[in-house]
1. Could you say which residue among Leu300, Leu333 is aliphatic (A, V, I, L, M) and free of Cβ contacts under 8 Å to residues at least 60 places away in the same chain?
2. Could you tell me which of the residues Phe381, Phe414 is in a helix (DSSP H, G or I), at pLDDT 90 or above and surrounded by fewer than 23 Cβ atoms within 10 Å (Cβ to Cβ)?
3. Restricting attention to the range 147-174, report how many residues are of a type outside the set (A, V, I, L, M, F, W, C), over 18 Å from the mean Cα position of the chain (by Cα) and assigned to a helix (DSSP H, G or I).
4. Within the range 62-96, which residues are within 15 Å of Ala373 (Cβ to Cβ) and of a type in the set (Lys, Arg)?
5. Just give me the residues in the range 218-239 being more than 11 Å from Arg365 (Cα to Cα) and at pLDDT 80 or above, in sequence order.
6. Of the residues Val430, Val375, only one is at pLDDT 90 or above, closer than 24 Å to Met308 by Cβ and over 24 Å from the mean Cα position of the chain (by Cα); which?
7. Would you check if Lys395 is surrounded by fewer than 19 Cβ atoms within 10 Å (Cβ to Cβ), touching a Leu at 6+ places or on another chain (Cβ under 7 Å) and not in a helix (DSSP H, G or I)?
8. Any residue at all in the range 72-93 that's free of Cβ contacts under 8 Å to residues at least 60 places away in the same chain, farther than 17 Å from Ala35 by Cα and not in a helix (DSSP H, G or I)?
Amino acid sequence: MLFNKYTSSCKSEGIYRIPEYEKTRHLLHLECMSAQGITSLVTGQFIAGYLAFLGINETTSAILMQIQLVASIAYIIAPLVYERTRRRLHYLGIFLVIYRMALVALCLVPLFARTVSSRIMMLGVIIIAAYFFSYLGDGGWVDFMSGCVPARQRGGFLPQRDANMVLAGTVVSLALGYVLDIFRDHKAENIGFFIIFFFVFVFAAINGWALKSMTQPPIHINREKIGLKAVLTLPMKDRLYRKYIIFHILYNFSVYIGLSLFSIYPVVTLGMSYSYMAFLGLLATVSRMVSAKLWQRLKLKMSWPVIMIIAHITLAVSFIIWAFVIKENAYVLLPLANIVSGAGWGGIAVSLFANNVIFAPKQSRTVYFSFNACVGALTGFLSSLLGAVVSGSFKNITISILGLDFCNMQIMFFISAVLLLLTAVYIFFVMNKETESIT
């Protein structure tokens, strides 16, 4: 059956040497590259441009770009599915295919919705429905990944997978950003966006094939049935994992308060082309790939929480650079900001996964991963909503600091940077000292 390859005879670390699992680890690279191709086309400057093309204002666009987080309730449902079956890959594969195919339906909005209000409603419904299945799939993904990649290989595998992922996303952004610019110059943006969504369909098909071809590692089924009460209470009862949940709340609040504005500001406010934004993405990708080796070397000398602190500080520096970007210096500061952020996001991507696995108990992990993801996503949505409202209310206000004028979005970038630095302080004083007792 679909997504149902399972080997029950493998034991302990020996499973990682079996050809099926070697193949699965290779397929994980293809899966992430095709998934990132989709993500690149339905987020960031592409979705910001699509919403502007549909006539939606900046404040509403900022909310729509994060409204998928409302569907994070699916994270709570996920353990009720995964903890009762050995066919976890089967179900997460189906959920993720439905999610990615549903995103293709976004291209239908201008065909069936003529007014701006109806377009906003249709977009909201499609996005929430699509990401509901995404979060159902994600609920079992971290556990599946940790089962496929042994702890001793993660320091090399995760940075390489992350680098491949962002490289694929950048190549897609460059190519299709150039295509979209051509159609925009010829006043035919609608055709350009239909081409975008055609490639979303192609990448979704490739991703589905990769998932179907993977092998599910052996799974221990908990004899005690996991109910909704356990999903909602077990993670917070665990002293160590509770510290990671608090960190995840702080991290999501810090990042999402200005995240959608990073896509809106250069396209809408600065008037940058899609091609140039894709070029900036290439710089970030190269930086992320180069830094992957650095993060890998640092892991040999430092703990994962320390790496996460360094990554937070690096990302905060890039946000501060963003806060000083205006039309006159954009072609100087934006490349620098993207190079720094590429390194920061690379470190955060690998350290988030590694620390999540380290702090979680070994039994019923999908319960812990799913609860944490749900809380983080809901925090992210509330933070993005707050950021959009605050940014919108300061839209016509300029604040002068040390002789420099800052608009609403620049202020939000600076606030996000400060919050990231405070999160790094939490990691240092609360999480870092726990590392020796749990690794």
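The values are calculated or read from the model by the stated rules, or taken from the named source; none is laboratory data. Bear in mind the structure is a predicted one, so any value in this text is a computation, not a measurement. Virtual Cβ from ideal backbone geometry, glycine too; neighbours counted across all protein chains shown.
1. Numbers: Leu300 fails: free of Cβ contacts under 8 Å to residues at least 60 places away in the same chain.
Only one candidate passes the filter, namely Leu333.
2. Values: Phe381 fails: at pLDDT 90 or above.
Unique residue meeting the criteria: Phe414.
3. Keep residues of the range 147-174 that are of a type outside the set (A, V, I, L, M, F, W, C), which gives 147, 150, 152-156, 159-162, 164, 169-170, 173.
Applying the additional criterion that residues be over 18 Å from the mean Cα position of the chain (by Cα) yields 147, 150, 152-156.
If we keep only those that are assigned to a helix (DSSP H, G or I) as well, we get 147, 152-156.
Matching residues across the range 147-174 total 6.
4. none
5. Result: Leu228, Lys229, Ala230, Leu232, Thr233, Met236, Lys237, Asp238, Arg239.
6. Working: Val375 fails: over 24 Å from the mean Cα position of the chain (by Cα).
None of the other options fit; the residue is Val430.
7. Working: surrounded by fewer than 19 Cβ atoms within 10 Å (Cβ to Cβ): yes; touching a Leu at 6+ places or on another chain (Cβ under 7 Å): no; not in a helix (DSSP H, G or I): yes.
When the stated conditions are applied, Lys395 does not pass them.
8. Kept after step one, since they are free of Cβ contacts under 8 Å to residues at least 60 places away in the same chain, are these residues of the range 72-93: 81.
Cutting the leftovers down to farther than 17 Å from Ala35 by Cα gives us 81.
Pick out the ones that are also not in a helix (DSSP H, G or I) and you get none.
So far as the range 72-93 goes, no, none of its residues is free of Cβ contacts under 8 Å to residues at least 60 places away in the same chain, farther than 17 Å from Ala35 by Cα and not in a helix (DSSP H, G or I).
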